Amino acid sequence: MSERPDQRVLVVIPAWNEAGVIASTIAEIRAARPDVDILVVDDGSGDGTADAADAAGALVARLPYNLGVGGAMRTGYRYALREGYDVVVQIDADGQHDPLYLTELVTGLADADVVIGARFAGEGSYRASGPRRWAMWLLARVLSRLAGVRLTDVTSGFRAANRRAVTVFADHYPAEYLGDTVESLVIALRTGCSVQQLPVEMRPRTIGQASQSPLRATVYLARAVIALGLALVRRWPAATETLGQEKA
Amino acid sequence: MNSTFTLGLIGGAITLVVLFEMLRRQRLREKYAVIWVVVVAATLTLAIFPGLLSRAATALGVQVPANLLFFGAIMLLLVISIQLSYEIGRLEERTRTLAEEVALLRLQQESHRGDHPSHAPDAPDAPDGRGPHEVTEPPEEPGPTA
């Protein structure tokens, strides 16, 4: 199936102190897909990220203080729902996600409600090792089971969601650690959305590197286990107070 | 008059005065003051009637009555701490929702200004939200609606 020509696509970029790269990321997305709208959610940056994104021609939502990726993304999903977008694609601000895969992800929504751009699925050269690798293996294993399809990179921040998933995420997108990646997938699956992945090649980050020290990786493993365990047993939805605020 | 009695009385009195003063200055809400008033009342009761504690300790098989008191006090503080953690979590969730809402409203306001350049000059530059209070919504942009 191909992408429906009439659907409106919103690219949401959660950005925290990414003034150095945000403009080139936006320009790249524009070059790859001139027809999509781009919303940068500035997560309380102190380095003028919002102004840089504004100058680059993107829509900019400025959070008054740092909420984390989960808060930034829920802002994006709420905006998309209110403005009537059909598809939301999340792309990292740091340029590690190649916008050339954007169309593929959106097309993939014909078969699923959420499509993840996965690093380990054949393409690319991203490699993790040690406890971090075990954590990723465990997360992938459990979520694959839940989803009923093979998922290899559930912590990827490169993903597309259709209207059905956007409606869920506009109300329930956890701000806690790993909530924006792992728990959000669990929420999607538990509300009956289907999840699939497509292989993408990730580029090395333009600025900054993921922490790879053994201690940090071990802490990551522990937190991943806790976050996943909680997500699985949590009486959904976790945030009952904000339930049902968003109506499509 | 033993020292336990005096200490309990003084501690209870000071706590009561502080609570009253905080309530009077509206620094403390009644719903949080209630629990502390109950704690003070219990402290004073035990200070005035130490026999109650000994009898409770005997009934529960605790050899040193003070240990029962410490256990009770620690459990109470633990429960109150958990209750406060819960309240903080709720507040964080609310402020998060508000922060997201603020960001979206600002974006909406800016896009309206951009759509209607004629309105821009008389709109005061008030990023803190004290802009013109419009009763009627400006016409929506002619974008496709789904």
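Coordinate-derived values only; no laboratory data. All figures in this text were calculated on a predicted structure; none of them were measured in a lab. Note that each Cβ is placed from the backbone with ideal geometry, even for glycine, and that neighbours are counted across all protein chains shown.
Mind running the shape call on chain A? Use the C-alpha gyration tensor, a ≥ b ≥ c as the square roots of the eigenvalues: rounded below 1.5 for a/c, prolate if a/b tops b/c, oblate otherwise. Let's see the in-between values first.
Details: a/c = 1.27, a/b = 1.14, b/c = 1.12.
Rounded, because the longest to shortest axis ratio a/c is under 1.5.
How big is the gap, in Å, between the Cα center of the stretch A:137-189 and the Cα center of the stretch A:1-69?
The two parts, judged by their Cα centres, are 21 Å apart.
Tabulate in residue order the Karplus-calculated ³J(HN,Hα) for the stretch A:62-76, using 6.51 cos²θ - 1.76 cosθ + 1.60 with θ = phi - 60°, rounded to whole Hz; enter x for Gly and Pro.
Per-residue couplings from phi come out as 9, 6, x, 8, 6, 10, x, 4, x, x, 4, 5, 5, 4, x Hz.
How charged is the neighbourhood of residue A:183? Take every other residue with its Cβ under 14 Å from the Cβ of residue A:183, and add Lys/Arg as +1 and Asp/Glu as -1.
With Lys, Arg at +1 and Asp, Glu at -1, the net is +3.
How well do other chains shield peptide A:55-63, expressed as the mean number of their Cβ atoms within 10 Å of each residue Cβ?
Averaged over the peptide's residues, the number is 3.
GNM on chain A, C-alpha springs below 10 Å: top fluctuator among A:213, A:24, A:194?
The residue with the greatest mean-square fluctuation here is A:213.
When only C-alpha pairs under 8 Å and at least 6 residues apart count, what is the relative contact order of the stretch A:1-106, in percent?
With pairs under 8 Å counted, the relative contact order is 38 percent.
Lys and Arg at +1, Asp and Glu at -1: add these up for the other residues within a Cβ distance under 9 Å of residue A:116 and post the number.
0
Ranked highest first by the average count of other Cβ atoms within 10 Å around their residues, in what order do A:184-192, B:58-66, A:217-225 fall?
My ranking of the peptides, most packed first, is A:184-192, A:217-225, B:58-66.
I want to verify a result. In a Gaussian network model of chain A, Cα cutoff 10 Å, which of these has the top mean-square fluctuation: A:198, A:100, A:39?
Of A:198, A:100, A:39, the most mobile in the Gaussian network model is A:100.
Would you kindly state how much longer the chain becomes between residue A:190 and residue A:133 on full extension, computed as 0.36 nm times their sequence separation minus their alpha carbon distance, in nm to one decimal?
Details: separation 57, 0.36 × 57 = 20.52 nm, distance 2.55 nm.
That pair, residue A:190 and residue A:133, stretches by 18.0 nm at full extension.
Testing the spin-label approximation: label points 7 Å from Cα along Cα→Cβ at residue A:111 and residue B:42. State their distance in nm.
Computed distance between label sites residue A:111 and residue B:42 equals 6.1 nm.
Once you place label points 7 Å from the Cα toward the Cβ at residue B:73 and residue B:87, how far apart are they in nm?
Label-label distance for residue B:73 and residue B:87, simple model: 2.2 nm.
Please report B:88, B:35 as a ranked list, fewest other C-beta atoms within 10 angstrom at the top and most at the bottom.
B:88, B:35
What ranking do A:65, A:173 get, fewest neighbouring Cβ atoms within 10 angstrom at the top?
In increasing order of surrounding Cβ atoms, one gets A:65, A:173.
Out of all DSSP beta bridges with both ends in chain A, state the antiparallel percent to the nearest 5.
Taking every DSSP beta bridge with both residues in chain A, the antiparallel ones total about 30 percent.
For a label point 7 angstrom out from the Cα of residue A:31 toward its Cβ, which stretches of the stretch A:48-88 have the backbone nitrogen within less than 20 Å?
A:52-59
For the stretch A:62-199, with equal point scatterers placed on the C-alpha atoms only and solvent neglected, what are the log10 I(q)/I(0) values from the Debye formula at q = 0.15 1/Å, to two decimals?
Here the Debye-derived log intensity ratios amount to -0.70.
Determine the gain in length on full extension of the stretch residue B:7-residue B:23; use 0.36 nm per residue of separation and subtract their C-alpha separation, reporting nm with one decimal.
Values: separation 16, 0.36 × 16 = 5.76 nm, distance 2.40 nm.
Gain in length upon complete extension: 3.4 nm.
Please arrange A:230, B:84 by how many other C-beta atoms lie within 10 Å of their C-beta, fewest to most.
Least crowded to most crowded, the residues run B:84, A:230.
Could you calculate the contour length gain from residue B:55 to residue B:30, that is, 0.36 nm times the residue separation minus the distance between their Cα atoms, to one decimal place in nm?
Stretched out fully, the residue B:55 to residue B:30 stretch lengthens by 5.7 nm.
Mind listing the long-range amide H neighbours of residue A:45? Cut-off is under 5 Å, sequence gap 5 or more, other chains count too, H placed in the peptide plane at 1.01 Å from N.
A:17
Give me the net charge of residue A:141's neighbourhood, meaning all other residues with Cβ under 13 Å from the Cβ of residue A:141; Lys, Arg count +1, Asp, Glu -1.
Once all neighbours under 13 Å are counted, the net charge is +2.
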